[in-house]
Amino acid sequence: MCGIVAYIGEQDAYPIIINGLKRLEYRGYDSAGIALQNGSLNIFKKKGKVKELIDYTQGKNTSGTSGIGHTRWATHGKPDDVNAHPHVSGNGRLTLVHNGIIENYSLIKKALEKEGHVFATETDTEVLVHLIEEVQKRDNLPIEEAVREALTNVVGAYAIVVMDREDPDKLVGARKASPLVIGIGDDGFFMASDGTPIVEHTKKVIYLDDEQIAVVKRSGEYEVRSIDNVLHTPFVQELNMEIGRMEKGGYDYFMLKEINEQPTTIADAMRGRLNAKEGWVRLGGMDDHVELIKSAERFIILGCGTSWHAGLIAEYLFEDLARIPVEVEYASEFRYRNPVITNRDVVIAISQSGETADTYAALELAKQNGAFLYGIVNAVGSSIARLTDAGSYIHAGPEIGVASTKAFTGQVTLLTLMALQIGRERGTISDEYFLTLLKELEAIPGKVEQMLASNEKIKYIAGEIKHSTNALYLGRGYNFPVALEGALKLKEISYIHAEGYPAAEMKHGPIALIDENMPVIIIATNKSLNDKIISNIQEVKARKGMVLAIVTEGDDEISKIADYTIEIPETAEPFTPLLSVIPLQLLSYHIAVMRGCNVDQPRNLAKSVTVE
Ligand code: G6P
């Protein structure tokens with residue numbers, strides 16, 4: 001939530017920051033702003049997307065070789081021009097951009113008001129910049145010292161960059177529980193919420209750790225200290241990102257591009273980790289921990305949103321293939337409910353961004369209680385990737401559409417590999433079944449490709465559903481979580497109310513909603529439960545509901561009774577989610593486009609949820 005970009009060096013800061021903000025728009029897009037320094041200080045802020053900010057700055061003085069920028073997802077204070085960042089100190093000397101939440105801001109605000117501070121906005125961020133100003137004035141401190149001192153009084157999460165008009169040759173950045181990356185260029189420094197605004201300028205980066213403060217100077221020097229003033233030698237690493245993967249590449253929306261990338265991203269998730277011919281599967285991240293993981297008493301899987309759905313599929317996979325008991329928890333619930341955690345638990349965190357605040361906090365809790373933490377993460381170097389004891393990246397590349405697609409299938413692929421490896425180690429899968437599964441899994445990217453060929457048919461069906469106000473998604477077994485994910489995709493981007501249910505639960509409530517206006521999307525690919533699903537379809541049809549069934553190819557029985565069917569290629573039952581989710585992603589996409597929605601940036605949502 002919220003994206004930060006900053007630059008100091010020899011180049012013009014405006015284009016660097018604006019282009020960077022465009023890359024970070026997935027983190028929030030209700031207002032944007034920029035502050036530029038070049039002798040004088042110019043600040044431009046606008047409600048709406050970065051495009052609005054660009055239009056607003058046309059013809060204005062945007063010169064300057066240092067500056068800070070921000071794209072916002074509002075927490076405190078409505079999205080408008082005034083509440084947009086950067087925020088300015090009372091004396092006009094300091095400007096600051098912030099991602100996170102200052103939890104004790106109202107206490108600090110009251111204390112500052114007593115000192116005579118007057119606030120122009122409703123934001124917690126303005127309180128922080130006034131606090132830094134107060135500390136700086138009181139003790140006559142250089143900006144980096146004032147930031148450090150002020151942050152010792154702050155409770156909450158922050159990534160900030162601060163600029164001091166009277167000390168124009170440096171920028172100060174700091175982080176706690178919200179990400180901040182520093183790029184070291186040939187002629188300047190960059191700071192950003194992730195590497196995407198930096199990669200086109202430099203690949204040399206430092207990921208700041210929690211409670212670290214960095215000073216970068218126009219002269220080329222930099223320094224990192226902890227909040228308790230200990231000097232650190234930061235680890236400079238290579239940013240592993242390709243610019244091409246951050247462009248739309250001819251597609252109308254990133255979401256459509258990302259859906260279509262899945263044959264490649266699933267293959268990338270498996271690359272070097274599976275060989276059906278030689279009969280092995282191996283996740284490098286488990287190498288030093290196989291004994292510990294395979295003898296875990298229990299797996300606890302933590303995630304939010306789509307990642308939580310991937311976790312639900314993993315519950316079926318681990319129990320089915322590795323015979324390990326699994327609990328799947330919403331990270332936000334887990335962290336606040338005094339859960340029982342022991343050092344015999346393995347906690348698996350699933351996160352695309354690696355920055356989700358609830359998942360991070362839940363992991364910290366598990367760590368304090370002695371559990372071993374394993375991460376299934378997309379964003380390399382992210383906070384969750386660094387907090388976990390071990391883990392595997394899904395290698396899906398940047399996912400920019402707010403609705404997760406390729407990250408979901410990447411997560412499910414990794415969790416499948418993990419279940420297969422652990423099952424093999426524990427002797428819970430027979431040799432024959434293991435080899436069959438490996439072959440089937442290797443064939444999945446090709447079958448996903450085949451699924452994508454149903455696009456036109458799905459588009460047609462989308463046209464039949466687009467005016468609905470509600471939709472019901474049903475699935476059983478491995479495909480119950482897919483029903484949840486299908487419903488989430490639809491509501492996220494098309495704003496149609498949708499619910500996912502285990503198919504058999506329909507008769508315990510949702511059936512009351514079914515009439516001719518209610519499309520019911522049934523994932524009916526589990527051969528073992530086909531008879532039962534057919535009964536569910538009959539029950540919907542008897543109440544005049546419209547049925548779209550996702551079936552395995554050649555399933556004529558369901559095709560005869562459903563209004564529409566989409567076929568998935570035959571595969572082993574544990575892998576059906578990787579295929580059945582594809583038409584559901586496309587269906588939501590087309591419905592949203594037909595309803596005129598902004599697919600990549602749905603209202604009120606953001607991709608990287610770094611606040612509670
Ligand atoms: C947000 C995103 C979802 C994502 C969820 C968890 O709600 O819009 O797409 O599934 O956060 O994010 P994570 O990065 O932890 O997977």
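The values are calculated or read from the model by the stated rules, or taken from the named source; none is laboratory data. In this text the structure is predicted, and so the values were computed from the model without any measurement. When we count neighbours, we look across all protein chains shown, and the Cβ atoms used for this are built from the backbone with ideal geometry, even at glycine. SASA here: full protein model, heavy atoms, side chains in, ligands and nucleic acids out. Shrake-Rupley method; radii C 1.70, N 1.55, O 1.52, S 1.80 Å.
Taking the criterion of being open to solvent by less than 40 Å² (accessible area, probe 1.4 Å) and of a type in the set (D, E, K, R), the only residue of the range 269-293 that qualifies is ARG273. In this entry, ILE301 passes the filter for residues that are within 16 Å of the ligand (Cβ to nearest atom), farther than 22 Å from PRO445 by Cβ, outside any helix (DSSP H, G or I) and touching a Phe, Trp or Tyr at 6+ places or on another chain (Cβ under 9 Å). In the range 300-320, the residues that are at positive phi form no Cβ pair under 7 Å with any partner that is among the charged types (D, E, K, R) and away from the ligand (no atom under 12 Å from the Cβ), whether six or more places apart or across chains. Restricted to the range 309-333, and to residues there that are in contact with a strand residue (DSSP E or B) (Cβ under 6 Å, 6 or more places away or on another chain) and within 16 Å of the ligand (Cβ to nearest atom), the residue that is farthest from VAL581 (Cα to Cα) is ALA331. What are the residue pairs meeting all of these: first residue in the range 402-431, first residue in a loop (DSSP other than H, G, I, E, B), second residue away from the ligand (no atom under 11 Å from the Cβ) and among the hydroxyl-bearing types (Ser, Thr, Tyr), Cβ atoms under 9 Å, and 6 or more apart or on different chains? As it stands, the answer is ALA403/SER588; ALA403/TYR589; THR405/TYR589, since those pairs meet every condition given. Scanning the range 570-612 for residues that are assigned to a loop (DSSP other than H, G, I, E, B), more than 16 Å from the ligand (Cβ to nearest atom) and either among the aliphatic types (A, V, I, L, M) or surrounded by fewer than 18 Cβ atoms within 10 Å (Cβ to Cβ) (or both) returns GLU570, ALA572, ARG595, GLY596. Sub-6 Å Cβ pairs linking a first residue in the range 172-190 that is among the acidic types (Asp, Glu) to a second residue that is assigned to a loop (DSSP other than H, G, I, E, B), at least 6 apart or interchain, are ASP187/GLU10, ordered by first then second residue. Scanning the range 382-405 for residues that are out of contact with any strand residue (DSSP E or B) (no Cβ under 8 Å at 6 or more places or on another chain), more than 10 Å from the ligand (Cβ to nearest atom) and open to solvent by 10 Å² or more (accessible area, probe 1.4 Å) yields HIS395, GLY397, PRO398, ILE400.
How many residues does the range 120-140 hold that are of a type outside the set (Val, Ile, Thr) and open to solvent by less than 40 Å² (accessible area, probe 1.4 Å)? Number of matching residues: 8. Mind listing just one residue for me: the one in the range 127-165 that is acidic (Asp, Glu) and at pLDDT 95 or above and, of those, nearest to ILE108 (Cα to Cα)? In this case the residue turns out to be GLU134.
Would you say LYS60 is surrounded by fewer than 22 Cβ atoms within 10 Å (Cβ to Cβ), touching a Phe, Trp or Tyr at 6+ places or on another chain (Cβ under 8 Å) and not in a strand (DSSP E or B)? Criteria met by LYS60. Of note, ALA379 does not satisfy the criterion of being at pLDDT 95 or above, within 14 Å of the ligand (Cβ to nearest atom), open to solvent by less than 40 Å² (accessible area, probe 1.4 Å) and within 19 Å of the chain's Cα centre (by Cα).
Return a yes/no flag: does the range 2-22 have any residue that is within 25 Å of ILE243 (Cβ to Cβ), assigned to a loop (DSSP other than H, G, I, E, B) and of a type in the set (A, V, I, L, M, F, W, C). Yes, there is a match, as at least one residue in the range 2-22 is within 25 Å of ILE243 (Cβ to Cβ), assigned to a loop (DSSP other than H, G, I, E, B) and of a type in the set (A, V, I, L, M, F, W, C).
Taken together, ALA314, ALA296 contain a single residue that is assigned to a helix (DSSP H, G or I) and open to solvent by less than 40 Å² (accessible area, probe 1.4 Å), which is ALA314. Only a single criterion out of (1) in a loop (DSSP other than H, G, I, E, B); (2) open to solvent by 20 Å² or more (accessible area, probe 1.4 Å); (3) touching a residue at least 40 places away in the same chain (Cβ under 8 Å) is not satisfied by GLY554, namely (3). Every residue in the range 236-258 that is open to solvent by less than 70 Å² (accessible area, probe 1.4 Å) and under 17 Å from LYS22 (Cα atoms), please. Listed by number, the residues that qualify are MET241, ILE243, GLY244, ARG245, MET246, GLY249, TYR253, PHE254, MET255.
When the range 416-436 is limited to residues that are buried (at least 24 other Cβ atoms within 10 Å of the Cβ) and among the hydrophobic types (A, V, I, L, M, F, W, C), the one that is nearest to the ligand (Cβ to nearest atom) turns out to be MET418.
Residues that are touching a Leu at 6+ places or on another chain (Cβ under 7 Å) and hydroxyl-bearing (Ser, Thr, Tyr) were ranked within the range 345-390; the one that is farthest from ASP209 (Cα to Cα) is THR359. Within the range 345-360, does at least one residue satisfy the condition of being open to solvent by 40 Å² or more (accessible area, probe 1.4 Å) and more than 9 Å from the ligand (Cβ to nearest atom)? No, that holds for no residue.
Determine, yes or no, whether GLY486 is assigned to a helix (DSSP H, G or I), farther than 21 Å from ILE537 by Cα and of a type in the set (Gly, Ala, Ser). Spelling it out, it is not the case that GLY486 is assigned to a helix (DSSP H, G or I), farther than 21 Å from ILE537 by Cα and of a type in the set (Gly, Ala, Ser). Taking the range 222-252 as the range and being part of a loop (DSSP other than H, G, I, E, B) and among the charged types (D, E, K, R) as the test, the residues that pass are ASP228, GLU242, GLU247, LYS248, ASP252.
In the set (1) in a helix (DSSP H, G or I); (2) over 23 Å from ALA157 (Cα atoms); (3) open to solvent by 10 Å² or more (accessible area, probe 1.4 Å), SER307 fails one condition alone, (2). Only one entry of THR196, THR233 meets the criterion of being surrounded by 16 or more Cβ atoms within 10 Å (Cβ to Cβ), over 17 Å from HIS98 (Cβ atoms) and β-branched (Val, Ile, Thr), and that entry is THR196. Apart from one condition, ILE68 fits all of (1) surrounded by 24 or more Cβ atoms within 10 Å (Cβ to Cβ); (2) at positive phi; (3) modelled with pLDDT of 95 or more; the exception is (2).
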